[in-house]
Structure formats: structure tokens, C-alpha cells
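For reference, the structure discussed in these notes is given below.
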Amino acid sequence: MTFGPLLTGLCDDAALFPPGNAPLPVAVPAHAGHRSSAHAPLVGAFVFPAGRLGELADHLAQHPYPGELALSLTAPTGTAAVRPALEQVDAMDSVSVVALEIAVPAEQSVDELFAALDEIRVSRPDIDVFVEVPRDERRAEILARLTGTPYAAKFRTGGIVAEAYPDEAELAAAVSTVVTTGVPFKATAGLHHAVRNTDPRTGFEQHGFVNLLAAVDAVLSGADIDEVASVLAERDGAVLSARLGALSDDRATEVRRRFLSYGTCSIAEPLEDLLDLGLAPSTVSPITEGLSMTVSSNSSGRSRVVDAEFSAVTQQRPQNIDQAPGQGQ
């Protein structure tokens with residue numbers, strides 16, 4: 001068993017972002033560790049905020065990255081921040097931008113947004129561009145305008161307040177729209193676990209990233225919005241894993257062509273959930289993020305990679321992006 005087309009590149013590494021907030025000197029080498037590990041196929045780009053590029057340059061000057069550091073660069077202030085950010089990256093050795101995640105400021109019209117996106121595309125056609133689709137009156141028009149363009153959508157699926165979490169109906173409508181119109185998307189925030197759950201600390205209803213994969217499959221199968229919402233609400237991991245485990249490689253590839261990735265400040269949490277669901281290779285060990293890797297045994301008897309320097313910190317807090325809309329990642 002391998003990670004296969006359903007899971008390869010699913011988890012963009014957003015260790016720097018809340019609630020993980022890993023220090024940059026820890027997050028960068030930890031990402032290198034992920035990229036050279038047995039679970040490397042699961043891991044996508046290193047999500048990095050444009051406003052911290054100076055800090056990254058200083059760090060890399062003292063601690064060169066082993067290989068090429070591929071960034072998914074976030075621009076929470078909008079398209080105006082993209083050009084200077086790309087110029088900063090171009091001045092760094094062994095760093096490249098593979099994707100841009102661009103928010104839409106409240107004052108930017110839809111016409112202004114797409115004019116700016118087209119300018120970015122002309123100068124950097126090699127970079128994937130994601131538009132963080134706002135949950136306001138511009139959403140429908142932006143989604144319609146994305147159809148047939150080289151740009152993808154980015155949906156926030158949670159935040160630091162309950163209102164930041166779209167309910168099943170809202171998320172089902174968004175997913176149905178982009179899948180049926182052929183607009184690829186990524187997700188971010190609030191996907192703390194593979195399966196739909198209620199956060200025991202906050203009481204927030206949290207979407208599962210495995211539910212989201214299954215929801216895309218449901219849309220491809222012709223499900224209506226109510227049926228897609230039901231998939232998003234499913235809390236039985238066995239039901240979801242059975243559905244996804246039965247997908248052919250061609251169908252899994254099609255699902256991932258629509259749902260490209262999601263940002264997570266932990267690689268450990270999704271990996272362990274996927275192992276528990278039987279969707280990840282059993283030959284891969286669970287981990288905790290960090291630098292100094294040693295191997296111990298967990299309660300299930302499975303080998304577990306542990307970081308003595310960072311695991312104590314990561315085990316004391318939630319493990320995924322949890323941002324207010326329009327902030328940070």
C-alpha cells in the first residue's frame with residue numbers, strides 16, 4: 001500500500017500559522033525532515049506568509065535549506081503585496097514560489113481583483129494562484145468569474161470563532177459549485193481532524209478533511225447539495241474510509257484534481273488520523289513535528305517518531321490552522 005493519488009500532496013505544511021505557531025527556526029528544518037521521510041508523499045508545499053520573508057532570508061543565511069524550499073506564499077492583504085514578495089523570494093538562494101494564496105480586501109472590486117490576477121499571471125505563469133473567496137456579497141461573482149480561468153479557489157473552513165465555520169449547507173454549496181464548474185480548490189482553517197467532530201474545548205463543529213474528499217466524490221457522482229451536506233456531516237470514519245478506499249486510482253486522481261490540498265499546521269495529526277482509518281500505508285510510523293527524531297512505541301504498539309525538542313509543545317495545543325477570515329494563512 002502507498003499513499004496513492006488520493007493522498008499524495010494533500011497536506012500543505014503550515015506549521016508557522018495558528019494555532020501551531022511553530023517558531024521559524026523549528027518549522028523550516030522540520031519541513032525538510034517531512035520532505036525526506038517515509039510520509040513525504042503526503043506533504044505539499046511549505047505555506048509561508050509574505051510579511052515574514054525577511055525573517056526567512058535571515059534564517060537561511062545562517063542555516064541553508066537542504067535542497068529547494070518550495071513555498072505556497074500567502075498574501076492576506078491582497079494582490080498588491082504579491083509583486084514585492086516575489087522580488088524578495090527571487091533574491092534568495094534555493095527558495096521558490098510554487099503557489100500564491102491571495103485574499104480579497106473588502107475595498108477591492110471583483111473587476112479590480114481579476115485585472116490584478118491577470119497581471120500576476122502574465123509575469124509569473126509558472127505559479128499556481130489561489131483566490132481566497134470571501135464569504136460576502138462578492139462570493140457568487142468571484143466563483144463565477146473563476147470558471148474557465150487558470151486560477152483556483154481557496155475556502156476557509158474554520159477560524160477562532162464559531163461564525164468562521166461554514167455549516168454543512170454553505171460548504172456543500174461552495175464545493176458543489178466549484179466541482180461542477182471545474183474550478184480547483186484548496187481549503188484552510190478548522191480541519192483539525194480527518195472526520196467531522198465537535199471540538200471538546202470550544203464546542204465548535206469542525207469539518208473533516210476526509211469528509212471533504214468524500215464530498216467531492218459525491219458531487220462527481222451527481223449528488224445534490226443536500227446529499228453533499230450529508231457527507232460533510234458524516235461522523236463515522238469507517239463509512240468515509242470505506243467509500244474512499246473503494247475509489248479506483250482514476251477516480252481518486254479526479255477527486256484530487258478538484259480538491260488540490262489543504263493547509264495544516266500539523267503533519268502529525270492528519271497522518272495519525274489517516275493511519276487509524278486505514279487510508280495511509282501501515283508501514284509508515286506516526287510522528288510528532290520537530291527536529292531531533294527518535295523512535296518510541298505508542299499505546300497501540302505501533303512505532304512512533306518523537307521529537308524531544310518540540311513534541312511537548314505540539315501535544316499541548318490543537319494542531320491545525322485556526323484563523324480569523326482574511327488573516328494570516
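The values are calculated or read from the model by the stated rules, or taken from the named source; none is laboratory data. Computed from a predicted structure; not experimentally measured. Please note that ligands, DNA and RNA were not included when accessible areas were found on the heavy atoms of the full protein model with its side chains. Shrake-Rupley method; radii C 1.70, N 1.55, O 1.52, S 1.80 Å.
Numbers at a glance
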| read-out | value |
| --- | --- |
| Kyte-Doolittle mean at least 1.6 and Cα axial length at least 15 Å: DSSP H helices in the chain | 209-220 |
| Whole-Hz couplings from phi, Karplus 6.51/-1.76/1.60, listed for segment 11-23; x for Gly and Pro | 9, 6, 7, 10, 4, 6, 9, x, x, x, 6, 5, x |
| Accessible-area ranking of Thr188, Thr181, largest first, probe 1.4 Å | Thr181, Thr188 |
| Apportionment of accessible area to carbon and sulfur, segment 1-47, percent (1.4 Å) | 64 percent |
| Accessible-area value, Arg35, 1.4 Å probe, nucleic acids and ligands omitted, Å² | 110 Å² |
| Accessible-area composition of segment 132-280, carbon plus sulfur, in percent [1.4 Å probe] | 51 percent |
| Å² per residue, accessible surface of segment 157-231 at 1.4 Å | 33 Å² |
| Under-5 Å amide H pairs with Phe130, H placed in peptide plane, nonlocal only | Leu100, Glu101, Ile102, Ala152 |
| Sequence of Asp273, Asp249 from largest to smallest accessible area, 1.4 Å probe | Asp249, Asp273 |
| Between segment 165-207 and segment 226-278, the alpha-carbon center distance in angstrom | 12 Å |
| Value of [θ]222 nm, deg cm²/dmol, for the chain, DSSP H segments ≥ 4, -39500 (n - 2.57) each, nearest 500 | -11000 deg cm²/dmol |
| Solvent-accessible heavy-atom area per residue, rounded to whole Å², over segment 15-92 at 1.4 Å | 40 Å² |
| For Cα extents along the principal axes in Å, calculated from these coordinates, the label among (i) 56, 51, 38; (ii) 61, 56, 49; (iii) 94, 50, 37 | (i) |
| q = 0.16, 0.23, 0.30, 0.33 Å⁻¹, segment 237-280: log10 I(q)/I(0) [Debye, one scatterer per Cα] | -0.50, -0.96, -1.09, -1.07 |
| Percent of Cα-Cα distances greater than 14 Å, calculated over segment 1-64 | 60 percent |
| Area of Phe3 that stays accessible when all protein chains are in place (1.4 Å probe, Å², to 10) | 20 Å² |
| For Ala187, distant residues with modelled amide H under 5 Å away | Phe155, Ser261, Tyr262, Gly263 |
